[in-house]
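The values are calculated or read from the model by the stated rules, or taken from the named source; none is laboratory data. Small disclaimer: the values here were computed from a predicted structure and weren't measured. Every residue, glycine among them, receives a Cβ derived from its backbone with ideal geometry; neighbour counts consider all protein chains shown.
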Amino acid sequence: MTLSVEIDSKMVEITVWTRGVQLAKEARDVATLLAVAGSSEGKYTQSFDNYVDLPDRIGVACKSYARISPEPIQTVYEYENGHHDVIVLVEETMIKGHPYLQDAKQDCVVVVNSARDPEALLKWFEPKESLPLVKALACIDANSFGAGVMLTFDGTEGASDDTKIGAGVGAAVAGAAAKASGCVTLESLLAAADNKKAVQQGWDQVKVLPFCDGKPFCETPSDPQELGWR
Amino acid sequence: MTTKKRATGLTAVCDAWQLVDIDVTASYPIRPYTAVFADLAKRIANGQMKCEMVFAEGEHGQFSIAHGASMAGARATTGSSGVGLTYAAEVYSPIAGGRCPIQVLVGDRTLDPPGDFGSEHTDCLTMRDNGWIFGWAQDAQEALDNSLMCFRIGEDPDIMLPQIVAMDGYFVTHITQDYEVPDQDLVDRFLPPFKPKFRLDVNNPVIMGPQITPEMGPPLEWDRNVVMQRAKGKIVEVTEEFGSVFGRHYAPFVEEYMTEGAEMVFLLQGAHAVTCKSAVKYLREAGYPVGMLRLRWVRPFPEEALQAIAAKFKVIGVIDTGTSYGAAGGGGVLLVETRASLSETPDKPIIQGFTSGLGGEVITHDEFFRMAEMMRKTIEAGQLVQSSTWVNFNDYV
Amino acid sequence: MPKKSYPEVPFAAIVPCPTVENDKMVTGNWRSLRPVVDMEACTSCKTCWLMCPDASVNFDEAEGISFNLKYCKGCGICSSVCPVEAIRRVPELDFTD
Amino acid sequence: MPVQYEEIKSVKKAPEEEFYLPGHRTCAGCGPAVGYRLIAKAAGRNTIFLGPTGCMYVANTSYACGPWKVPWTHTQITNGGAVASGVEVAFKQLIKKGKIKDEFPNIIVMAGDGGSIDIGVQAASALFYRGHDVLFIMYDNESYANTGIQVSPMTPYGGNTTFTPPGPMIPEGKKLFPKDPMLIFAGGGHPAVKYAATASIAYPVDLMNKVRKGLAFEGPAFLHVHCPCPKGWTYPAERTIDLAKLAVQTGMWFLYELEDGVRTWSRKVDKLRPVEDYLLGQGRFTHLEPEHVAKLQAWVNERAQVLGLNATLPPVR
């Protein structure tokens, strides 16, 4: 038997996809920043690397997770996100050949670190049958904000991370993810990140392509908050 | 023609290994099991045995060499005692999980400190939970017979698990006893050649022991668990067949001695059962309604066999010749396992714990007498006077 | 919550060796830069073929060098060991396949 | 009498057949994977590999699969030498007894630096002492890489690992100098070892021939193979071969063979390049101060002299 209860029904699950080693720190930073920002807003949060993807290898797909909930989190030790509200791809080619839309929630938002137009990325979405779940695709060219990629083993394998959080491309990606999804406010994110300028740029310059029934709208609204997401 | 022989339990197991034509074995000296390899080396030197005896760099190496040999398709053995057995701790699980049916001879010994050569069951019992079939022999004959039975059980295609043939250090490893060495014909009839399910073979290449994902772990562990349970049936079958082939009949799991009309019984394993039987005879004459149960296997633990007979008795006095510091009940592993086995048995007897024979000391007749008197007091009180007693330390008679 | 399901795991997790490729670990989607060979410049020295950690550079006497994109992780070793710089690395999203 | 083996003459003449196939979870640009492929190629079909725990176990066999066309088994990181000994004696005995019809195979242990010279040293030494007909290969990526880059005895002086982070109190990161496995295993202390060599993935033909030579020798042989690790050493993946070559050019790696204790240099080196050329571009050395670089240079120069390399050495500044 099982109890028909909803567990963590209000929890927002953010899944950040990255390439092992090269961009692991940046993905972890995105998750950490969003969780820290959420905490400062009085919410309950968690963030961690997906243990099953470890040890990470250069180039392999890896995930970092953040969870933000207005209520205490019950599934503290469910070590993989199973219902993604926000899907972040820290490197643009992740969009090709990875099942990031699997287990996505209805009205999820996909955020990609790419200089390309969102429309140009649509054809790669995987798996295709999950497209109707997507509420918006957002692109941010985080690499162009002068935020250097941080290469460090700090924070891997459960160690503490004494390297600056949000000094690399992760800061701009987090800014873009926050704006496109509304999961945290700009103010709390700015307070959390080391490179505040990059957060601001990510927030300001994210290109959001809203979806309806699995197809993109023709026009991009000036303010993505109008999407009414949460 | 069986041959009658007078030698120690170590030589008896060496006889078994010769009869089953082991291919590879690995030696390392530690008292008291060492002499099996002195015997074996002589037999190799004089051409009696054709097997490769590798001088291992330690017990970890011994077990690993046997593991490698088994993966290559050889019938492989090794042996150890005391801290040697715990030094090899890492590789028990890989061997059992890799389903390599190697055989390990154990002449048990106390764990350090202090450096005590004496017999104790703690060393081997510390390693009990990895999926090895094992039990204690009470004498040289049973050591030889258990070795043969273990090969047959462990190498069965439905089982494929490693085995430990344990015997009490000094008592069985060093005191010569009369026993029979069976005929080669009979052994060949009883034990077919070892046929591994998979081996390292360039014509049928396989990958052994790959890394797995978390969800592959539970099914593999479930499998090991199922096989360990299945081994109980195999033990019954093989013990019976052993009796019909060799004419020596063992109880598959629990030997009963003078349990007819007994209200209280000692429950123990290994060599001390020999003295215990003698003590029981004297106690019976003195009017104590006492008998003895002897465990032949500790893994798999014969809970069903105990459950089937337990209700006959008012008290079972479990004698642990080993320690499990801080264990429930204040006794050793056998006490915990016996209580767990009988916890749901209707009309179960009171289960009383004794710790005795530590550090290689013999359990004397007098100690058995005192344990019997403590059990009598339990019957009289209708309940335990104390959960367990370290004989000579906190006796209450 | 659906009951957890477990895969069939073979005896002691022993699996047969692959014969051509290990298709249980396809790594082509690790690649962010794709190697592209300039056949004009290529001298067929086979250095890239021999140095590929993923055995994903194919060589054929008639066809010359080609890449096994099902497994190529895009590490770029082939490009860096090429003595005549005949192998370029092109962003993966520039390709439609 | 020199040992007979089929020599590989050039890159072009390298055997076509692959025994280390595409499809494994090693890093993009993994040096040990390059090594594995070359070694498997050279060894050929009649080969059994033993893989002590390390990257070349975990990354290659993720998950419940592996890239080898020939038999492979895991061993613990501790016991590659011991399990290989068991495999070897089993084959000899089973063949002698007629229980199997196999041709005696090439038995190769592919152990990392930890599984060879650190936690695996006891089993390896015992294998060499007992003279088993096994080729023990130490693929050296100079750290415990599988667990996320921790210091090993082979991590160079000054190497930054997660266990040797540089800081004001320990500016150089790793303070210790590495072990010398060639001396330990093949420096005369294991008389059964008649052949040992160092090799590098940057010199693939040399490496493959050393594999064949090691296998051709009766009894144990030892091969110490330098395999740069882009993750652990922190450099762009495409530079793996480049760095392996630089290591040889700077004397951070020496290429030689020991046959019956006699040293033969595998490449003629007239002049060593300064160690800086090797250190630059590796993230693990970026924190080093000139005094630390000088210490490394002095160490290289001393080793070159002790080993008898006849080459011009860079000045120690």
Quiz item: What number of residues within region D:88-123 are among the hydrophobic types (A, V, I, L, M, F, W, C), out of contact with any His (no Cβ under 9 Å at 6 or more places or on another chain) and under 19 Å from B:THR25 (Cβ atoms)?
Solution: 5
Self-check item: Residues being surrounded by fewer than 20 Cβ atoms within 10 Å (Cβ to Cβ) and part of a helix (DSSP H, G or I) - total across region D:190-205
Solution: 1
Quiz item: Out of region D:159-176, which residues are touching a helix residue (DSSP H, G or I) at 6+ places or on another chain (Cβ under 8 Å) and under 24 Å from D:ASN146 (Cβ atoms)?
Solution: D:GLY159, D:ASN160, D:THR161, D:THR162, D:GLY173
Exercise. Considering only region B:72-184, give the strands (runs of 3 or more DSSP E) lying wholly within it that have at least 3 residues that are in contact with a Cys (Cβ under 8 Å, 6 or more places away or on another chain).
Key: B:163-167
Quiz prompt | Hits in region D:140-188 (condition: part of a loop (DSSP other than H, G, I, E, B), more than 20 Å from D:MET110 (Cβ to Cβ), within 14 Å of another protein chain (Cβ to nearest Cβ) and not polar (S, T, N, Q)) | solution = D:GLY148, D:VAL151, D:GLY159, D:PHE163, D:PRO165, D:PRO166, D:PRO168, D:GLY173
Self-check item: Complete set of residues in region B:243-286 that are in contact (Cβ under 8 Å) with a residue 60 or more places away in the chain, touching a strand residue (DSSP E or B) at 6+ places or on another chain (Cβ under 8 Å) and of a type in the set (Phe, Trp, Tyr)
Solution: B:PHE266
Quiz item: Residue check: is B:TYR396 free of Cβ contacts under 8 Å to residues at least 40 places away in the same chain, under 22 Å from the mean Cα position of the chain (by Cα) and surrounded by fewer than 19 Cβ atoms within 10 Å (Cβ to Cβ)?
Solution: no
Self-check item: Which numbered condition D:TRP265 fails, given (1) surrounded by 15 or more Cβ atoms within 10 Å (Cβ to Cβ); (2) touching a helix residue (DSSP H, G or I) at 6+ places or on another chain (Cβ under 6 Å); (3) free of Cβ contacts under 8 Å to residues at least 60 places away in the same chain
Solution: (2)
Quiz item: Wholly within region D:210-313, which helices (runs of 4 or more DSSP H) include no fewer than the required count, namely at least 1 residues that are away from every other protein chain (no Cβ under 14 Å) and within 16 Å of the chain's Cα centre (by Cα)?
Solution: D:240-250
Exercise. Say whether the condition of being surrounded by 19 or more Cβ atoms within 10 Å (Cβ to Cβ), farther than 26 Å from B:HIS174 by Cβ and not small (Gly, Ala, Ser) is met by at least one residue in region B:269-279.
Key: no
Practice problem: Of all residues in region D:29-45, count the ones that are part of a loop (DSSP other than H, G, I, E, B), touching a strand residue (DSSP E or B) at 6+ places or on another chain (Cβ under 9 Å) and crowded, with 24+ Cβ neighbours inside 10 Å. | Solution: 0
Practice problem: Only one of these is within 11 Å of chain C (Cβ to nearest Cβ) and either over 17 Å from C:TRP30 (Cα atoms) or not in a loop (DSSP other than H, G, I, E, B) (or both): A:THR2, A:THR15, A:THR45. Name it. | Solution: A:THR2
Quiz item: Residue check: is C:THR96 part of a loop (DSSP other than H, G, I, E, B) and facing chain D (nearest Cβ under 10 Å)?
Solution: no
Exercise. Count, please, the residues in region D:105-125 that happen to be touching a strand residue (DSSP E or B) at 6+ places or on another chain (Cβ under 8 Å), facing chain B (nearest Cβ under 10 Å) and among the aliphatic types (A, V, I, L, M).
Key: 2
Quiz item: So which of A:TYR51, A:TYR79, A:TYR100 ends up being closer than 17 Å to C:ARG31 by Cα and hydroxyl-bearing (Ser, Thr, Tyr)?
Solution: A:TYR100
Practice problem: Quickly run through region D:217-240 and pick out the residues that are surrounded by fewer than 23 Cβ atoms within 10 Å (Cβ to Cβ), touching an Asp or Glu at 6+ places or on another chain (Cβ under 9 Å) and either among the hydroxyl-bearing types (Ser, Thr, Tyr) or over 12 Å from D:GLU257 (Cβ atoms) (or both). | Solution: D:GLU218, D:GLY219, D:TYR235
Practice problem: Could you tell me whether any residue of region C:3-16 is over 24 Å from D:GLY31 (Cβ atoms), in contact (Cβ under 8 Å) with a residue 12 or more places away in the chain, of a type in the set (S, T, N, Q) and more than 7 Å from chain D (Cβ to nearest Cβ)? | Solution: no
Practice problem: Can you tell me which residue within region D:2-47, out of those that are of a type in the set (S, T, N, Q) and within 11 Å of chain C (Cβ to nearest Cβ), is farthest from the chain's Cα centre (by Cα)? | Solution: D:SER10
Quiz item: Has region D:284-300 got at least one residue that is among the hydroxyl-bearing types (Ser, Thr, Tyr), farther than 26 Å from D:CYS27 by Cα and modelled with pLDDT of 95 or more?
Solution: no
Quiz prompt | Yes/no for A:TYR100 being under 14 Å from the mean Cα position of the chain (by Cα) and of a type in the set (Phe, Trp, Tyr) | solution = yes
Quiz item: Name the residues in region D:250-280 that are acidic (Asp, Glu) and under 14 Å from D:VAL225 (Cα atoms), would you?
Solution: D:GLU257
Quiz item: If you go through region A:59-68 one residue at a time, do you hit one that is part of a loop (DSSP other than H, G, I, E, B) and within 22 Å of A:GLY170 (Cα to Cα)?
Solution: yes
Quiz item: List, please: which pairs have Cβ atoms under 6 Å, are six or more places apart or on different chains, and start with a residue in region B:219-231 that is in a helix (DSSP H, G or I) and end with one that is among the hydroxyl-bearing types (Ser, Thr, Tyr)?
Solution: B:PRO219/C:TYR6
Quiz prompt | Checklist (1) basic (Lys, Arg); (2) closer than 17 Å to B:PRO29 by Cβ; (3) not in a helix (DSSP H, G or I) applied to B:LYS50, failing item | solution = (2)
Quiz item: Only one of (1) at the interface with chain D (Cβ under 9 Å from one of its Cβ atoms); (2) farther than 23 Å from A:VAL60 by Cα is not met by C:CYS75, so which one is it?
Solution: (2)
Practice problem: Would you point out the residue of region D:126-139, among those that are outside any loop (DSSP other than H, G, I, E, B) and facing chain B (nearest Cβ under 10 Å), that is nearest to D:ARG37 (Cα to Cα)? | Solution: D:LEU127
Practice problem: Among the candidates A:GLU126, A:GLU119, single out the residue that is in contact with a His (Cβ under 8 Å, 6 or more places away or on another chain), farther than 28 Å from A:TYR44 by Cβ and either at pLDDT below 95 or of a type in the set (Lys, Arg) (or both). | Solution: A:GLU126
Quiz prompt | Residues satisfying the stated conditions in region D:89-104, i.e. within 8 Å of chain B (Cβ to nearest Cβ) and assigned to a helix (DSSP H, G or I) | solution = D:VAL89, D:ALA90, D:PHE91, D:LYS92, D:GLN93, D:LEU94, D:LYS96
Quiz item: What about C:CYS72, is it assigned to a loop (DSSP other than H, G, I, E, B) and in contact with a strand residue (DSSP E or B) (Cβ under 9 Å, 6 or more places away or on another chain)?
Solution: yes
